[in-house]
Amino acid sequence: MNIFKYALQVIVILILTGCGNSGFISDKALREEVENQFEIRKKMFGQKGETLFSIIDEPGLKEEERDALKFLYAYMPVNDIADYSGDFFLKMVRSSFEARDFFRWGDKVPEELFRHFVLPPRVNNEDLDSARVVFFKELKERIKDLTMYEAALEVNHWCHEKVAYRPSDSRTSSPLATVLSGYGRCGEESTFTVTALRAVGIPARQCYTPRWAHTDDNHAWVEVWCQGNWYFLGACEPESELNKAWFSGPAKRAMMVHTNVFGRYYGPESKTDYPLYTKINVLENYTRTKRFDVTICDREGKRVEGADVKYLLYNYAEFYPIYDQKSDSEGRSYVISGLGDLLVWSAKGDLYGYKKVSLASADSVTIVLDRTEGEEYEEDMDITPPVVQPVESDTQSEAAKRNGIRLKQEDSIRNGYIATFVGRDEAKELAEMCNLDTTEVIAYITKSEGNWREISAFIDRNRDDARALKMLSTISDKDLRDTPSEILQNHLANTPQYDKSSGYTLDVYVKGVLAPRVLYEKIRPWRPALREKFTPLFGESPGAEMIKEWVVKNIKIDKDQNYPRCPISPEGVGKVLIADKVSRDIFYVALCRSFGIPAVIDPATISVKVFGNNSWFNVSFDAYSDNKKTGKVIISLSEPTEKIPQYWSNYTIAKMTDGVFVSLDFENDKRVATFPVELDLEEGYYRICTGNRYDDGRILVRSDYFNVVGGKTVKRVLKIRQLDMAHVVYGSVEGAVESELYKNNGLVICFIDPDKEPTKHLMNEFPALKSELDKWRGRFLFVVPGSKISSSFNPEKYKDLPAKSDFVTKNSETLLKSFVDSSKIPFKDDYPLIFIVNEKGEIIFHSQGYKIGTTEYLHKSLMAEYSYICNQN
């Protein structure tokens, strides 16, 4: 009887407290919301849903494991459902609970934060892997006795041992692939670091400024939750404390900092809900902000509900959307942003309108939808970013000095690993042994870095198949760094040999049939699966039109069920028959290639092309867009110039799509390498945007709106507004430094911190301007202060610097102090620090900190000084 009473009491307590809900989601309403969303996702896939989500019914699952899996499946993008197994996600769930139970801070993490910032294996649009399992095993003993705050710092030190910054293409490597190469761009470093922190049960999220306001670039970093507060840190860039990083100054000039939170999130931050994730605005953590209100009206002054409202920031010669929203029932929208300029753009149906706004001085604006496509005109705008704000710096503190010593030790660990990569000599030996082209083999193997064993094995195995090297020629450097040899072998083995009677050239075959990658997706072995599934439907030799008709009829397009730039694999699309448009297009091209039909996607226009009748022709999946006409656009320069304007740096071309201009991606494209530029573009309404930026971040913008008509030629002139390069003297180094440094034609002196991202950007810019800078007769000095020299510093790795360049390490601190004192500028470890000194010892230019395009402005300043001297004489 006593046992019965006790059991009854336990049941009553469980019911009253809501326990028995596993503790993963204790809130009843939220639990029901997740259950409903999970059932909706299952129904979306029809009968396939039972198989895709079968792991939920696996016997032996704990209740909290089942609930966690339901939460993940309720909100994960389709590519995760299609391309990764239930066993994989169960492994991730169990690893997250293991970390929670192992570390003493595990029970201190609130349930909501654990769900959104520890459990999800996906950080952004990276390729997924089992990194969190690997990282937990490697880190647990290292940090188990630390506080949560100390552990966050230590995990970042561990990350720095593994990975350093290097720019790369837009595909985001998986965390393990980033470790394999030892390098990553900021998006990869932050994804890697967030994964490492989550692996040990510390809530973490990737923060992202989609575009800076003061310079042409973006940046990603990490926020970590410790003991009740969110802190920021530079990924793989450990400091002595949290809330300290080189980007603290730039972040104070940001107009938007956001993070994508997995699932429906109800935290306190400003947020926008999307079907699968919540985008939160955390800009208020970094700088002064303002709420800016927008009202959308029609021509009659009536407020417009449901209009698209985009808040556009000038960057990389385009107006980029940093925030978007639908106008409410009162025609209103708002943004919380920094105190700089934006272009507010709104569209609904065939009408649109826009205005430039300055948040530093205005609180609201009314946009009238009174424009339609087709009006041709030119327009100038002056854009001003938020002002510079002071940043505290403690580079001379004992903690900072100890941290600097640790960084050098960690550099040595990472460089020791990188030294194991195969070099030119070993690659040459393999080429000679296989009797293959030495130059090609050396290039592929050295570029593969930590993946050299895989690429070497693929080359060796296929030494007698000339297609192997041709296949490698079609993939990116990043593909070489993270693609296993078996995947490449799978593509090679399942692609027929080139047949001269096929009706197309060998180049078409390599580009359109043999290539294993279609756009920017991870390379996967899709050919056997597609052949097996579709040969019974199509036969052995289908035509491109037959494949297209099947795709149009059977692939459901759903733009809300996947993340941006997170494509579903071709095999995955064939499995679930649901895709976003890009994934659909990649699937179609892969299906064509699987049956020997040459097909590609133009990376600039994202248009699908198939080869037939001796030419490439566009393929459209829209009912009324087949064979859309193209027109020729010829763009000439307004006047001769030494430096050819660069796409993205100086200008872009955008096409109006659904009421807003979308830039075409001609980066590194031969079609825009020389002027006049000649392009074949689909008919439509276009805009050429040019910009010229001052060193303080202000930009002079010109926009040229025009139409492209099918079958006709339109000529445009690229007009770049000129900066007012006033001659200013900021100080003099005469008597403070040896005159030998500057008296012969002047001096450019750059004080650099080689291991930090801002300096890496600067040094990467010099090669593009080498020929122009070589015409200047002065010298360039690159000075590395003693506290910034690490074991990884090697002047020889910097190629194509200006001809009269030297590196200085001796007496560097004294030289730095002389220039800072002479210029009287405030300097707090904000590298790179750059000066131009004329023959008189006068400082006529200075720049410090993180800025993209510094070398271009440096060149303009040198030319302006030359012009000033000529006028004086």
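All but one of (1) at pLDDT 90 or above; (2) in contact with a strand residue (DSSP E or B) (Cβ under 8 Å, 6 or more places away or on another chain); (3) closer than 20 Å to K810 by Cα hold for L741; which doesn't? With respect to (1) at pLDDT 90 or above; (2) in contact with a strand residue (DSSP E or B) (Cβ under 8 Å, 6 or more places away or on another chain); (3) closer than 20 Å to K810 by Cα, L741 is out only on (1). Assess whether G735 counts as being small (G, A, S) and out of contact with any Asp or Glu (no Cβ under 8 Å at 6 or more places or on another chain). Yes; evaluated as a whole, the condition is true for this residue. Restricting attention to the stretch 423-455, the residues being more than 27 Å from E161 (Cβ to Cβ) and part of a helix (DSSP H, G or I) number 15.
Conditions (1) in contact with a Leu (Cβ under 9 Å, 6 or more places away or on another chain); (2) over 30 Å from Y686 (Cβ atoms); (3) surrounded by 14 or more Cβ atoms within 10 Å (Cβ to Cβ), marked per residue:
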residue: E379; (1), (2), (3): no, no, no
residue: E392; (1), (2), (3): no, yes, no
residue: R424; (1), (2), (3): no, yes, no
residue: L430; (1), (2), (3): yes, yes, yes
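Restricting attention to the stretch 404-422, the residues being assigned to a loop (DSSP other than H, G, I, E, B) and either surrounded by 13 or more Cβ atoms within 10 Å (Cβ to Cβ) or among the β-branched types (V, I, T) (or both) number 3. If the condition is being within 26 Å of D695 (Cβ to Cβ) and either in a loop (DSSP other than H, G, I, E, B) or in contact with a Pro (Cβ under 6 Å, 6 or more places away or on another chain) (or both), then the stretch 201-244 contributes P210, R211, W212, A213, H214, T215, D216, D217, N218.
Scanning the stretch 188-224 for residues that are within 21 Å of A131 (Cβ to Cβ) and either among the hydroxyl-bearing types (S, T, Y) or surrounded by fewer than 21 Cβ atoms within 10 Å (Cβ to Cβ) (or both) yields S190, T191, T193, T195, Y208. The residue that is farthest from K581 (Cα to Cα), counting only those in the stretch 57-104 that are in a helix (DSSP H, G or I) and of a type in the set (G, A, S), is A99.
Scan the stretch 766-788 residue by residue and report those that are open to solvent by 10 Å² or more (accessible area, probe 1.4 Å) and closer than 12 Å to F751 by Cβ. Scanning the stretch 766-788 gives G786, S787, K788.
Being charged (D, E, K, R), at pLDDT below 95, outside any helix (DSSP H, G or I) and under 22 Å from the mean Cα position of the chain (by Cα), is that true of even one residue in the stretch 539-550? No, the conditions are met nowhere in the stretch 539-550. When the stretch 371-391 is filtered for residues that are assigned to a loop (DSSP other than H, G, I, E, B) and either of a type in the set (V, I, T) or in contact with an Asp or Glu (Cβ under 8 Å, 6 or more places away or on another chain) (or both), the ones remaining, listed by number, are T372, E373, T384, P385, V387, V388, V391. In a loop (DSSP other than H, G, I, E, B), farther than 18 Å from V728 by Cα and open to solvent by less than 40 Å² (accessible area, probe 1.4 Å): does that describe L816? No: the conditions fail for L816.
Just one residue in the set M92, M148 is modelled with pLDDT of 95 or more and within 29 Å of D169 (Cβ to Cβ); that residue is M92.
Results for (1) under 13 Å from P120 (Cα atoms); (2) surrounded by 19 or more Cβ atoms within 10 Å (Cβ to Cβ); (3) among the aliphatic types (A, V, I, L, M), shown as yes or no for each residue.
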| position | (1), (2), (3) |
| --- | --- |
| T51 | no, no, no |
| N79 | no, yes, no |
| A82 | no, yes, yes |
| K91 | yes, no, no |
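If the condition is being in a loop (DSSP other than H, G, I, E, B) and more than 19 Å from the chain's Cα centre (by Cα), then the stretch 247-283 contributes K252, R253, G263, R264, Y265, Y266, G267, P268, E269, Y274, P275, L276. Counting only strands (runs of 3 or more DSSP E) wholly contained in the stretch 638-709, the ones carrying 1 or more residues that are hydroxyl-bearing (S, T, Y) occupy 651-657, 660-663, 684-693, 699-708. Among the listed residues V518, V508, identify the single one that is open to solvent by 10 Å² or more (accessible area, probe 1.4 Å) and within 25 Å of the chain's Cα centre (by Cα). That would be V518, the only listed residue that is open to solvent by 10 Å² or more (accessible area, probe 1.4 Å) and within 25 Å of the chain's Cα centre (by Cα). On the given criteria, is S329 among the polar types (S, T, N, Q), open to solvent by 50 Å² or more (accessible area, probe 1.4 Å) and either within 29 Å of D580 (Cβ to Cβ) or modelled with pLDDT of 95 or more (or both)? In short, yes. The set of residues from the stretch 552-590 being more than 18 Å from F45 (Cβ to Cβ), β-branched (V, I, T) and over 23 Å from the mean Cα position of the chain (by Cα) comprises V552, V589. Within the stretch 302-329, being without any contact (Cβ under 8 Å) to a residue 60 or more places away in the chain and part of a loop (DSSP other than H, G, I, E, B) holds for K302, E305, G306, S327, D328, S329. Let me spell it out: the conditions are (1) open to solvent by 30 Å² or more (accessible area, probe 1.4 Å); (2) in contact with a Phe, Trp or Tyr (Cβ under 6 Å, 6 or more places away or on another chain); (3) closer than 29 Å to R115 by Cα, and W230 meets all of them except one. Which number is the exception? Of (1) open to solvent by 30 Å² or more (accessible area, probe 1.4 Å); (2) in contact with a Phe, Trp or Tyr (Cβ under 6 Å, 6 or more places away or on another chain); (3) closer than 29 Å to R115 by Cα, only one is false for W230: (2). Taken over the stretch 777-801, the criterion of being touching a residue at least 40 places away in the same chain (Cβ under 8 Å) and more than 17 Å from E740 (Cα to Cα) is satisfied by S787, K788, S790, S791, S792.
Being part of a loop (DSSP other than H, G, I, E, B) and β-branched (V, I, T) is the filter here, so list the residues in the stretch 751-803 that pass it. Those that are part of a loop (DSSP other than H, G, I, E, B) and β-branched (V, I, T): I752, V784, I789.
The values are calculated or read from the model by the stated rules, or taken from the named source; none is laboratory data. Keep in mind that what you see is a predicted model, and the values were worked out from it rather than measured. Note: ideal-geometry Cβ built from the backbone for every residue, glycine included; neighbour counts use all protein chains shown. These area figures cover heavy atoms from the full protein model, side chains too; ligands, DNA and RNA do not enter into them. Shrake-Rupley method; radii C 1.70, N 1.55, O 1.52, S 1.80 Å.
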